[in-house]
1. Mind pulling the angle between the C-alpha long axis of helix A:344-356 and the longest principal axis of chain A? Nearest 10 degrees, somewhere in 0 to 90.
2. For peptide A:148-157, what's the mean number of Cβ atoms from other chains within 10 Å of each residue's Cβ?
3. By counting other Cβ atoms within 10 Å of each Cβ, how are A:87, B:582, B:225 ranked from fewest to most?
4. As a test of the formula, what do you get for chain B when each DSSP H run with n ≥ 4 contributes -39,500 (n - 2.57) and the sum is divided by the residue count, at 222 nm and rounded to the nearest 500 deg cm²/dmol?
5. Compute the convex hull volume of the Cα atoms of the range B:1-109, divide it by the residue count, and report the result per residue in Å³ as a whole number.
6. Peptides A:245-258, A:275-288: what's the order by average Cβ count within 10 Å, highest mean first?
7. What ranking do B:102, A:136 get, fewest neighbouring Cβ atoms within 10 angstrom at the top?
8. Once you wrap a convex hull around the alpha carbon atoms of the range B:404-452, what is its projected area averaged over all directions, in nm²?
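Derivation of every value follows stated rules applied to the coordinates shown; laboratory data play no part. This one's a predicted model, so the numbers in the text were calculated from it and none came from an experiment. FYI the Cβ positions are ideal-geometry reconstructions off the backbone, even for glycines, and counts take in every protein chain you see.
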């Protein structure tokens, strides 16, 4: 063991600092034996108590846990049933929106979340829990596939993919950037042994939550959104960051008690995604529940090129708000939405309003006005009047204004020859 | 218009009284005609047509060999070629041929730097565009925009990148690169000679990981390497890649007559053996050529030196030529600036360029007529590389090595034969350094679990995997070891820094622009970055204001002082294991594992001009521990009986200083990579001993090489001592320690004679 001693001596020179915790007892030989029948499963009784049972494939197995909730169950501020109302409302909504279910019904959604051994997106970051909630026959069915050890990924993905309908539409929280790419990564390792990944559609609610809630929350972490917005109060929750450690402990000890908390945490997560979808949809469908939120929804419609909807939101904010700053921004935005709809004259009314009131959006309004009078009305003198004396802080806006000003001055000189 | 042409200038240089006195040696290399062969008939017509459009009607012999061996016979090849011999075709031809034959083929190109990768992309794309074929080649580095990364992963035929990206961005995400790895036909490693020492040892392990991933996806790529002239290209290629290689060295590119001049600035102070500065001599020589409108390149060792020489030259010849016809070239210039300079040099708009070794690597600047080096570049291989910048195909060219007063320069200039007859250095790596190896095993396990019985490209690793399991990084289960940790191992491991826990050097001269200017391993930081130390970075003096040892940060500010600092390191060396030893009647040499405990105690301020001690201070830093490899020489009574205690100590210190100068040249490493410590009473044997140890934990093979060639090392030490014109020892030979007395040169010489008698007589080549 000379080499090992050398390694121990040089430990502090190595890369990734490693914790020197207790040395784990040698793993029981039993554990390395193939388990092919239910009776051979270590701690089978304990698993049963968690509603979990093994599924076998070619000498490997994966654990599947199932929990059902009645459709009237209240999770936070809403009961699961309310998604049906929300979907009805969406049906009447003709404009395009990223949260619009289009032709999908609640049964088509798969509220989905994973637990992994790390937060990076590298090949070695293992997914050990694939959790989902779905509407099924007037119930909510939570399905969790759990990886009992790194050798069992084929069975793990095999059962997840064979038992999940490919027509499902994923609903996740940051799943577009993290969970789903990681599923793709790990799937690559077993792609010859398991079904292909279906081309699931995907709603990532993190994006929507950031838009609508960021201004009132310290961060958009799901746990904070739950607590502050959804009325969900977790009891004895296992925080997500502990999941990797608990899983490593489970691997050494094999007792499900180590990951029981992680399973519950994940179950809670997928249920909260339902409540969050209901909540966010309601906000969008009502075009906001406060001026600030309405403006955010308006901006969202701007990005989607839904100008009519955007105009409606901003106009409502403009009319209802008594906050100068919000009012100024919304008048500018109404003006822009009108301009996009080729209603320039009316747009000018809103630009002028923004221009006449002090605030950080004055310059933008001035530029809009100058453009209009220069190019549409062909009145360079009037155009110049709007931008003559303003000195914005932002250098790019300043440069734009300076350029415009010079051009207008030249135009004016050309028109009126010096006497 | 030339006032005098090259031949006339060369004649004049030989005869001019002022100059010829300083010429220590004049070496002429005869011209070589081109050796060309017609395009082979199996080469794709589209490639031939495109080459003909570029004015290339035949291949040089070495290009043909590469095409045949790597393309036709699928052998791993390493081509050794001088600068500007068309080496890129050696790999572009077989790679393009394979892609034209099978559209799904992929190739991976590795270059040591981003700039070289960019160059190569333009070059190969020119060829591809001309052929009008849908072959896609991309660079993939830190600057690649996220939106095109996906395209590159899926559809890039040729992916051009660097080892760092391969290590931290490609391999750990191999599942996103399936189409590359499934169809990987060629791996091109250009500038192979740069992969030596710690960096090379890391890269060799990255290649092991690369091969492992390629195998996993079912491909078995062919390696094509190119290297500048080193003594052991095949051996290096084999240790970097773990494959066996065919050597291609039948260079067919033509070469004009070359003159290599060893120039020693005149002595200005006989007693102190002080010569005129190399910089001013370089200015004088360079302006002579530039005034005659002869394209000249000047190499200098630091960025500051480049700027100094540049401004002098621009001043000197501004009347003859505009100042913009002489340019500087170094790291830190923007890519566009550099492209402009390269272009100006190629088309002759720029007459002169002053560069750091940045232009040593294969950037295309065409061929110049004169090359002047400010001081010996530090290794024979890089001297030849720099010299290769001068020499157009049909014309005579001139290279002038202007020696500085550094001992190694003086040794080289007085022993031109040593330089000219010596094989270029041997590039060494030690991919099995335990720390480097186990760091990369972590990365490899992250990428793909290890099966029981699996080796790491032939290296048995089970014991290390067991160790990593105990450390709870891996999980042994079934018949495999799995990565089981929440970190991303590649992020903690840098290929270019010596030790993982480096001290970062932060320049806070300008409070509004605080920036990191470098890093240094912990061990060296104790003596070079302690508080109040004068730290030299690229020729600029900085004073260390604060050293935060816990956070590993050194805060420095620019200063201008007339002294440097020299810290005393109390070193305790314990021999842990003796792996090999040799007894030469009283002289014992050995190699093994040592533990070095070091503590910085005090530092001295030493005046730059006179080496006087002008002050001191104490250093408060904790003791450091380094476990590494060492080789040592111990003297027994048979030798020591000829000395009294005092003179033995002097001789030991003198010899250690000589070895410190000569050994880095011998093993092709930086002076700071190898420490030499004399001890009057070594702990393990109680004998007077000189230790030479690798400065990197676990060792990287430097001291091992020294152990195998101690006799020639001692011979070089003796030659350095004897050729030094000083009478009683000086900083150029035995060192400048204040404890040395006037006898030191003489006693050191005596000791060397004693040692030499004990080695079997070697016949000089």
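1. Helix A:344-356 sits roughly 90 degrees off the main axis of chain A.
2. Taking all residues of A:148-157 together, the mean is 2.
3. On the way: A:87 18, B:582 12, B:225 31.
Neighbour counts put them in this order, fewest first: B:582, A:87, B:225.
4. -10500 deg cm²/dmol
5. In the range B:1-109, the Cα hull volume divided by residue count equals 179 Å³.
6. Details: A:245-258: 18.0, A:275-288: 21.3.
For the peptides A:245-258, A:275-288, the packing ranking is A:275-288, A:245-258.
7. On the way: B:102 10, A:136 13.
Going from least to most buried by this count: B:102, A:136.
8. Computing the convex hull of the Cα atoms and averaging its projections yields 6.5 nm².
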